[in-house]
Structures are given as structure tokens and as C-alpha cells.
Amino acid sequence: MAQEISGCGAGCGALFVLVVLGLALAFWPLFLLLAIVVLVIGVVANAAREANRQELKTLIEAADRRLRGDACRVRDCFGVVEGLSLGGDLASPKIDVRCRTVADEGGQLVGQGVHLSLTPPAEAQRLRSMGGTSRWLAAAGVSLLEELSVEAKATKAAIECLRELAWTEQALAKLDGLKGALIDTLAKAEGNELLEAAIPQLQKALQSFQGEQEKLQEALGSTSEMLRKLHDFLAVPEEIRPIISFDLDQLFDPQRFSALEQSFTDVVLLNEAFQELSRDALA
């Protein structure tokens with residue numbers, strides 16, 4: 001009985017295949033037409049998606065130019081917009097929003113990158129205007145701050161403090177390496193007739209390094225303190241913040257850091273020039 005059922009099933013399957021083939025042969029012009037229609041529809045739909053993606057890309061690039069560097073608030077943290085870019089694929093485009101915020105990690109204030117992958121607005125043309133882009137971002141949890149507000153100025157100053165701290169720490173590390181090499185050279189210079197003549201210059205360079213190190217350490221401390229003050233101000237409840245009055249321009253002067261960068265660059269260049277002279281003398 002099982003063999004009869006199996007044989008019947010195989011026979012029915014073969015009969016179905018023959019019927020389909022017969023229909024295909026009988027109506028092949030219709031099937032061909034349907035296939036061409038489906039192909040054309042697919043090509044047109046894909047071209048439309050490509051055009052929409054290109055339009056969206058253009059709008060996002062314009063929004064990126066407008067917003068890059070603007071102060072914002074992401075959830076409970078203040079920061080700046082680092083950039084907007086097009087992500088996702090052709091079928092499901094996304095807008096990647098990158099921000100840099102000031103975060104408190106165990107009492108240590110650090111810069112924290114925030115990356116959001118957002119669905120574009122139903123009407124992409126909303127991104128053409130600042131207001132439309134701001135409202136769309138706000139709905140996603142990224143609130144742009146009024147450019148002239150104290151909060152915006154304090155936020156940008158805090159981000160600048162983070163940049164200054166990172167640079168100062170790197171400068172101190174480099175200076176520490178230069179000092180170590182200089183101290184080793186001074187130790188070798190004693191009793192070495194090829195190097196003894198350079199001892200006064202080596203000692204002068206060491207004094208310059210030590211003086212620059214002190215300036216960098218002082219700057220590191222003052223910048224850390226300023227960052228903490230700015231963070232504490234931004235942590236004040238929004239309702240209370242307007243009551244607090246202070247002149248940020250008096251407290252935070254970016255020019256002082258430019259002077260520090262130039263001073264460090266001069267010391268490094270002086271060291272490089274001295275090393276070049278030393279090599280010439282030993283050649």
C-alpha cells in the first residue's frame with residue numbers, strides 16, 4: 001500500500017511538471033512579457049532609490065556644513081556636533097550623527113564619542129532648513145543650543161579644554177622623552193673630549209626643558225580646573241542656570257593656549273637644531 005501511494009505521488013508530481021511546461025510553451029510570449037515588465041519595474045524602482053539617496057546625500061552634506069562644531073545636548077550630556085553623514089544601504093538609508101560630549105567617568109572628565117544611526121525624516125526636504133533639521137534632531141534626542149547662549153559658549157569651552165588637556169599630556173610625554181635623552185647625553189659628556197665642549201649648551205637646553213615642563217604642568221592643572229568649573233555649571237538644573245551670571249570671556253581665553261603651543265614648538269625646534277649641530281660637530 002505504501003509503495004502504491006509513493007508511486008501515485010511521484011506520478012502526480014511528474015504530471016504537474018508536464019502541465020506547467022505545457023502552459024509555458026503555450027503561453028511563452030505572455031510569460032516573457034511579464035518577465036520584461038517585472039525587470040523594467042525593478043530597474044525603474046532601483047533608479048528612483050538611487051536618485052532619492054543622492055538627493056538625501058546632498059541634503060545631509062549641506063546640513064553637516066551648517067551644524068559641524070555647533071554646541072548640543074545629547075540626552076544628559078553637553079557636547080558638540082562632529083558631523084553628519086549618509087549610512088545604511090539603498091533600501092534602508094540612515095543618517096549617522098556623530099557628537100563629542102563631556103562625560104564624568106568615576107570623577108574623571110573625559111571626551112566621549114556618541115554615534116547615532118537615525119532614520120531620515122519622512123520628508124527629506126526638512127533637512128534643507130536649519131529649523132527643520134533642529135526639530136528632527138531634537139526628536140531623536142539631540143538638542144542644538146542657541147549659538148549665543150551661555151550654555152553653548154560653556155560647552156564649546158569645555159570641549160576645547162578637553163582638546164587642550166589631550167595635547168598638553170602628549171607634549172609632556174614628548175618633553176619627558178627629550179629630557180631623558182638630554183640627561184643621558186650629559187652623563188656621557190663628562191670626560192668625553194668630543195662632547196665636553198657642548199656641556200654648557202646641554203645644560204642650557206635642560207633648563208629650557210625644565211622651564212617648559214613647569215609651564216605645561218601648570219597649564220594642565222589650570223585647564224583641568226576650568227573644565228571642572230564648566231562641567232559643574234552645565235550640571236546645574238536648567239531652571240537655576242539663568243540665575244548664575246558670569247563672563248565666560250574673562251574666565252576662558254583661548255589665546256593663552258596658542259602661546260603655550262608656540263612656546264613648546266620653539267623648544268622642540270631648538271632641540272632639533274642643537275642635535276643637528278651636535279651631529280655636525282661629531283662628523
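Taking the range 39-92, which residues are charged (D, E, K, R) and farther than 21 Å from Gly141 by Cα?
Matches in the range 39-92: Arg49, Glu50, Arg53, Glu55, Lys57, Asp89.
Across the range 58-75, what is the number of residues that are charged (D, E, K, R), out of contact with any helix residue (DSSP H, G or I) (no Cβ under 9 Å at 6 or more places or on another chain) and under 22 Å from Leu230 (Cα atoms)?
Residues meeting the conditions: 2.
Restricting to the range 100-131, count the residues that are exposed (fewer than 14 other Cβ atoms within 10 Å of the Cβ), farther than 30 Å from Asp232 by Cβ and out of contact with any helix residue (DSSP H, G or I) (no Cβ under 7 Å at 6 or more places or on another chain).
Final tally of qualifying residues: 7.
Just name the residue that is modelled with the lowest pLDDT out of those in the range 234-283 that are exposed (fewer than 11 other Cβ atoms within 10 Å of the Cβ) and among the hydroxyl-bearing types (Ser, Thr, Tyr).
Looking at the filtered set, the residue picked out is Ser245.
Please work out which one of (1) assigned to a helix (DSSP H, G or I); (2) at pLDDT below 80 is the condition Glu225 fails and give its number.
Result: Glu225 fails condition (2) only.
Residue by residue through the range 153-173, note down the ones that are surrounded by 13 or more Cβ atoms within 10 Å (Cβ to Cβ) and more than 19 Å from the chain's Cα centre (by Cα).
Lys153, Ala154, Thr168, Ala171, Leu172
Going by what's in this entry, would Arg49 be described as surrounded by fewer than 16 Cβ atoms within 10 Å (Cβ to Cβ) and at positive phi?
Answer is no for this residue.
Out of all the residues in the range 207-227, is one or more under 21 Å from Val74 (Cβ atoms), surrounded by 17 or more Cβ atoms within 10 Å (Cβ to Cβ) and not basic (Lys, Arg)?
Checking the range 207-227: at least one residue is under 21 Å from Val74 (Cβ atoms), surrounded by 17 or more Cβ atoms within 10 Å (Cβ to Cβ) and not basic (Lys, Arg).
List the residue pairs whose Cβ atoms are under 9 Å apart, where the first residue sits in the range 107-119 and is free of Cβ contacts under 8 Å to residues at least 24 places away in the same chain and closer than 11 Å to Leu162 by Cβ, the second is surrounded by 12 or more Cβ atoms within 10 Å (Cβ to Cβ) and not β-branched (Val, Ile, Thr), and the two are 6 or more positions apart or on different chains.
none
Filter the range 76-133 for residues that are of a type in the set (Lys, Arg) and more than 16 Å from the chain's Cα centre (by Cα); which is modelled with the highest pLDDT?
Selected residue: Lys94.
Of all the strands (runs of 3 or more DSSP E) wholly in the range 62-170, which have at least 1 residues that are among the aromatic types (Phe, Trp, Tyr) and outside the structural domain of Lys215 (by TED's automatic domain parsing)?
77-88
Under the condition of being among the basic types (Lys, Arg) and under 19 Å from Gly211 (Cβ atoms), which residue from the range 172-199 is modelled with the lowest pLDDT?
The qualifying residue modelled with the lowest pLDDT is Lys179.
The values are calculated or read from the model by the stated rules, or taken from the named source; none is laboratory data. A quick note: this is a predicted structure, and the numbers were derived from the prediction, not measured. Here Cβ is always computed from backbone atoms with ideal geometry, including for glycine, and neighbour counts include all displayed protein chains.
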